[in-house]
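Just below is one structure, and these are the notes that go with it.
The values are calculated or read from the model by the stated rules, or taken from the named source; none is laboratory data. Since we're looking at a predicted model, the values are computed, not measured. Counting neighbours? That spans all protein chains shown, and the Cβs are built from the backbone with ideal geometry, glycine included.
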Amino acid sequence: MAGGQCDTPPDKYKKQIQKPRAGYFLERENIFFKNKRHNNKGANMQLTLDFGLINDTKKDKTKSQIVLTLRDYEIIKFILEMKYSTVEDIYLRYFKINSLGLESITNRSAYRRLQLLEENGFLKSERNFILNEKIYLATSKSYYLILNHFKSEIFISYPLKKIDHRTFEHDHLLVSIRYNLETIERIHSWMSDRYLKSKSDFNDLNAFNIIPDAIYTNLAGDKIAFELELTQKSKDRYRSKIKSIVEYLRKIENKPKAFSKVRFMCKTKAIYESLNNELKLYSKYFQIEYLTTDSALLINPRQNRKI
């Protein structure tokens with residue numbers, strides 16, 4: 001051998017070249033291996049042979065590499081839209097029906113994928129003390145990934161730094177109700193409050209201080225503002241909000257508007273009765289519902305239990 005070149009590979013390397021052991025791999029003309037006898041201190045050994053380069057490279061064994069799929073982009077976009085999501089939320093939306101068109105009986109695949117996205121820096125997680133499970137949030141890395149992927153087709157809100165536990169029940173329930181509305185009533189084009197607050201198209205809503213929890217399009221093509229009410233508020237606060245909504249709808253009645261009706265969903269009977277009393281004069285603009293314990297919008301479709 002001169003200058004690392006030889007006509008025939010040395011005998012002691014033939015076995016490794018012909019049949020790489022575990023930890024060895026062949027990539028085109030490159031064969032990577034570790035010579036333990038001459039590499040006790042972990043230094044890399046490099047031999048140049050007539051058929052290619054033998055080189056030992058260190059690999060990060062703590063992180064599994066990921067090839068992003070279209071579903072991954074949709075998962076990250078959804079989490080950015082809704083602030084955060086649980087494994088169950090992602091399972092129902094993206095993993096419930098598998099590639100064979102069959103219903104998956106566990107959320108294991110969803111969990112593994114979210115874990116892989118987290119390991120690669122596209123998601124982060126916090127353990128929530130209410131649900132006692134992981135809650136997944138997007139990261140700045142995934143934010144710029146989605147911006148680049150969808151270009152100007154959509155608007156994406158910047159990810160939260162952490163979960164606001166004061167509004168967690170509301171936000172978590174909103175994700176579940178959205179899924180059930182899309183499944184049962186076939187609504188579509190959901191726009192979250194974060195989206196509405198950030199788009200200049202909805203400056204009128206900001207001016208009237210009536211940004212709803214979301215705006216969606218129903219099966220008939222009508223745009224509906226959605227409000228989820230979990231806590232009792234004062235009559236004055238209800239009246240002020242209702243007055244602002246009515247003024248907005250009447251002012252631009254013959255012009256394009258963000259929504260044509262407001263749909264209130266109340267978690268308790270007391271909230272329902274208080275709001276209903278204030279809405280009687282304006283039934284044209286409002287729809288109000290009481291979410292009873294057996295409401296289809298509060299049922300987990302897989303486990304058949306109350307959310």
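Yes or no, residue by residue, for (1) closer than 24 Å to SER200 by Cα; (2) surrounded by 17 or more Cβ atoms within 10 Å (Cβ to Cβ); (3) out of contact with any Phe, Trp or Tyr (no Cβ under 6 Å at 6 or more places or on another chain):
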{"residue": "ARG108", "(1), (2), (3)": "no, no, yes"}
{"residue": "GLN115", "(1), (2), (3)": "no, no, yes"}
{"residue": "GLU119", "(1), (2), (3)": "no, no, yes"}
{"residue": "GLU126", "(1), (2), (3)": "no, no, yes"}
{"residue": "ILE135", "(1), (2), (3)": "no, yes, no"}
{"residue": "SER140", "(1), (2), (3)": "yes, no, yes"}
{"residue": "ASN148", "(1), (2), (3)": "yes, no, yes"}
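Right, ILE66: assigned by TED's automatic domain parsing to the domain that holds TYR144, within 9 Å of the chain's Cα centre (by Cα) and modelled with pLDDT of 85 or more or not?
no
Go through (1) surrounded by fewer than 16 Cβ atoms within 10 Å (Cβ to Cβ); (2) of a type in the set (D, E, K, R); (3) out of contact with any strand residue (DSSP E or B) (no Cβ under 8 Å at 6 or more places or on another chain) and name the single condition ASP171 misses.
The single condition ASP171 does not satisfy is (1).
List pairs: first in segment 65-91 and farther than 12 Å from ARG113 by Cα, second charged (D, E, K, R) and part of a loop (DSSP other than H, G, I, E, B), Cβ under 9 Å, 6+ apart or cross-chain?
What qualifies is LYS83/ASP164; GLU88/ARG302.
Tell me, please, whether a residue that is touching a strand residue (DSSP E or B) at 6+ places or on another chain (Cβ under 7 Å) and of a type in the set (Phe, Trp, Tyr) can be found in segment 92-114. Give the derivation first.
Here is the first cut: in segment 92-114, the residues touching a strand residue (DSSP E or B) at 6+ places or on another chain (Cβ under 7 Å) are 96-97, 103, 114.
Retained after the next criterion (residues that are of a type in the set (Phe, Trp, Tyr)): none.
No: segment 92-114 contains no residue that is touching a strand residue (DSSP E or B) at 6+ places or on another chain (Cβ under 7 Å) and of a type in the set (Phe, Trp, Tyr).
Give segment 270-280 a look and list any residue that's surrounded by 12 or more Cβ atoms within 10 Å (Cβ to Cβ) and more than 15 Å from SER234 (Cβ to Cβ), or say none.
Selection gives TYR272, ASN276, LEU279.
Pick from segment 232-291 the residues that are of a type in the set (S, T, N, Q) and assigned to a helix (DSSP H, G or I): which of them is nearest to LEU196 (Cα to Cα)?
Ranking the candidates gives SER244 first.
Out of (1) over 17 Å from the mean Cα position of the chain (by Cα); (2) hydroxyl-bearing (Ser, Thr, Tyr); (3) at pLDDT 90 or above, what's the single condition that is false for SER200?
(3)
Would you confirm whether any residue within segment 227-237 is surrounded by fewer than 18 Cβ atoms within 10 Å (Cβ to Cβ), within 24 Å of the chain's Cα centre (by Cα), of a type in the set (D, E, K, R) and modelled with pLDDT of 95 or more? First the steps, then the outcome.
Step one: list which residues in segment 227-237 are surrounded by fewer than 18 Cβ atoms within 10 Å (Cβ to Cβ), which gives 230-237.
Applying the additional criterion that residues be within 24 Å of the chain's Cα centre (by Cα) yields 230.
Next cut, of a type in the set (D, E, K, R) only: none.
Taking every residue of segment 227-237 in turn, none turns out to be surrounded by fewer than 18 Cβ atoms within 10 Å (Cβ to Cβ), within 24 Å of the chain's Cα centre (by Cα), of a type in the set (D, E, K, R) and modelled with pLDDT of 95 or more.
Take segment 203-217 and flag every residue that is at pLDDT 95 or above and either surrounded by fewer than 16 Cβ atoms within 10 Å (Cβ to Cβ) or not in a loop (DSSP other than H, G, I, E, B) (or both).
Residues satisfying the conditions are ALA214, ILE215, TYR216, THR217.
Report yes if some residue within segment 153-163 is within 19 Å of LEU92 (Cβ to Cβ), among the β-branched types (Val, Ile, Thr) and either outside the structural domain of TYR73 (by TED's automatic domain parsing) or in contact with a strand residue (DSSP E or B) (Cβ under 9 Å, 6 or more places away or on another chain) (or both); otherwise report no.
Looking for residues that are within 19 Å of LEU92 (Cβ to Cβ), among the β-branched types (Val, Ile, Thr) and either outside the structural domain of TYR73 (by TED's automatic domain parsing) or in contact with a strand residue (DSSP E or B) (Cβ under 9 Å, 6 or more places away or on another chain) (or both), one finds none in segment 153-163, hence no.
Within segment 123-136, restricting attention to residues that are aliphatic (A, V, I, L, M) and over 14 Å from GLU88 (Cα atoms), which residue is modelled with the lowest pLDDT? Talk me through it step by step, then tell me what you get.
Initially, segment 123-136 is screened for residues aliphatic (A, V, I, L, M), giving 123, 130-131, 135.
Filter once more, so that each one left must be over 14 Å from GLU88 (Cα atoms): 123, 130.
Details: LEU123: 97, ILE130: 79.
Filtering first and then ranking leaves ILE130.
Determine which member of the set ALA258, ALA220 is crowded, with 16+ Cβ neighbours inside 10 Å and either modelled with pLDDT of 90 or more or acidic (Asp, Glu) (or both).
Numbers: ALA220 fails: crowded, with 16+ Cβ neighbours inside 10 Å.
Residue meeting the stated conditions: ALA258.
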